[in-house]
Amino acid sequence: MEDIRDKLNRVLEVILIMLLSIMVLNVSWQVFSRYVLGNPSSFTDELARYLMIWLGVLGTAYVSGKRLHVAIDILHSQLSLSSQKTMQKVIFSIVILATFLIFIIGGSRLVYLSYLLGQKSAALQIPLYLVYVCVPLSGACIIFYKINDLISNKS
């Protein structure tokens, strides 16, 4: 299972690097076209916004997979080893449940409604469900990581 985890981490790394690179190029073009050419590009602001959404949401999954998420461990460090393991299992279970409800259920509804309504972005004219599909995708990755952590009982 760790092998799959490592491969998923690598895929997310590549995707995040590509998204950030595109975002840097996009914002650079926006600045260049605005201040040098005097004619700002019409699509760059919207593209930057959507790239930031993907970076933030997929970045959440990546950080979860690398076990680098923010944690307050004051109580955790004062417990016995068996209590720490029990507490970790409870925390992982809560994260799985919350991720399922918010990312999978909520995100899937968002994607579905955007698809049904045929919503398109203003400047790029891309279907908005393509922008929002990163939410359930990220949720699936987080749930995979937390189930893996629950099984291996690592933090």
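Just the residues that are touching a residue at least 24 places away in the same chain (Cβ under 8 Å) and either open to solvent by 40 Å² or more (accessible area, probe 1.4 Å) or more than 17 Å from Asp6 (Cα to Cα) (or both), please, taken from segment 54-70.
Trp54, Leu55, Val57, Thr60, Tyr62, Lys66, Arg67
From the list Ala48, Ala71, pick out the single residue that is among the hydrophobic types (A, V, I, L, M, F, W, C) and outside any helix (DSSP H, G or I).
Numbers: Ala48 fails: outside any helix (DSSP H, G or I).
Ala71 is the lone residue from the list that is among the hydrophobic types (A, V, I, L, M, F, W, C) and outside any helix (DSSP H, G or I).
I'd like to check something: does segment 13-35 contain any residue that is surrounded by 11 or more Cβ atoms within 10 Å (Cβ to Cβ), outside any helix (DSSP H, G or I) and more than 25 Å from the chain's Cα centre (by Cα)?
No, the conditions are met nowhere in segment 13-35.
Any residue in segment 120-135 that is modelled with pLDDT of 95 or more, of a type in the set (Val, Ile, Thr) and not in a helix (DSSP H, G or I)?
Yes; the residues of segment 120-135 include at least one that is modelled with pLDDT of 95 or more, of a type in the set (Val, Ile, Thr) and not in a helix (DSSP H, G or I).
Can you pull out the residues in segment 57-108 that are within 17 Å of the chain's Cα centre (by Cα), of a type in the set (D, E, K, R) and on the phi < 0 side of the Ramachandran plot?
Applying the first criterion (within 17 Å of the chain's Cα centre (by Cα)) to segment 57-108 yields 57-70, 95-108.
Checking the rest, the ones that are also of a type in the set (D, E, K, R) come to 66-67.
Selection gives Lys66 alone.
Pairs under 8 Å by beta carbon, first residue buried (at least 19 other Cβ atoms within 10 Å of the Cβ) and at pLDDT 95 or above in segment 142-155, partner in a helix (DSSP H, G or I) and among the hydroxyl-bearing types (Ser, Thr, Tyr), six or more apart or different chains?
These pairs meet every condition: Ile142/Thr60; Ile142/Ser64; Ile142/Thr99; Ile143/Thr99; Tyr145/Ser64; Lys146/Ser64; Lys146/Thr99.
On the given criteria, is Ile94 under 24 Å from Ile4 (Cβ atoms), aliphatic (A, V, I, L, M), surrounded by fewer than 16 Cβ atoms within 10 Å (Cβ to Cβ) and at pLDDT below 95? Before the answer, list the steps.
On the way: under 24 Å from Ile4 (Cβ atoms): yes; aliphatic (A, V, I, L, M): yes; surrounded by fewer than 16 Cβ atoms within 10 Å (Cβ to Cβ): yes; at pLDDT below 95: no.
Answer is no for this residue.
If you check Leu124, Leu113, Leu130, which single one turns out to be in contact (Cβ under 8 Å) with a residue 60 or more places away in the chain, more than 13 Å from the chain's Cα centre (by Cα) and farther than 20 Å from Arg67 by Cα? Please lay out each step first, then the result.
On the way: Leu113 fails: in contact (Cβ under 8 Å) with a residue 60 or more places away in the chain; Leu130 fails: in contact (Cβ under 8 Å) with a residue 60 or more places away in the chain.
Just one listed residue meets the conditions, Leu124.
Based on this model, can you work out whether Leu79 counts as over 20 Å from Met1 (Cα atoms), in contact with an Asp or Glu (Cβ under 7 Å, 6 or more places away or on another chain) and part of a loop (DSSP other than H, G, I, E, B)?
Working: over 20 Å from Met1 (Cα atoms): yes; in contact with an Asp or Glu (Cβ under 7 Å, 6 or more places away or on another chain): no; part of a loop (DSSP other than H, G, I, E, B): yes.
No.
The values are calculated or read from the model by the stated rules, or taken from the named source; none is laboratory data. From a predicted model like this one, the values you see are computed outputs, not experimental measurements. Because the Cβ atoms are built from the backbone with ideal geometry, glycine has one as well, and the counts that use them run over all protein chains shown. Just so you know, the surface numbers come from the protein's heavy atoms only, side chains and all, with ligands and any DNA or RNA stripped out. Shrake-Rupley method; radii C 1.70, N 1.55, O 1.52, S 1.80 Å.
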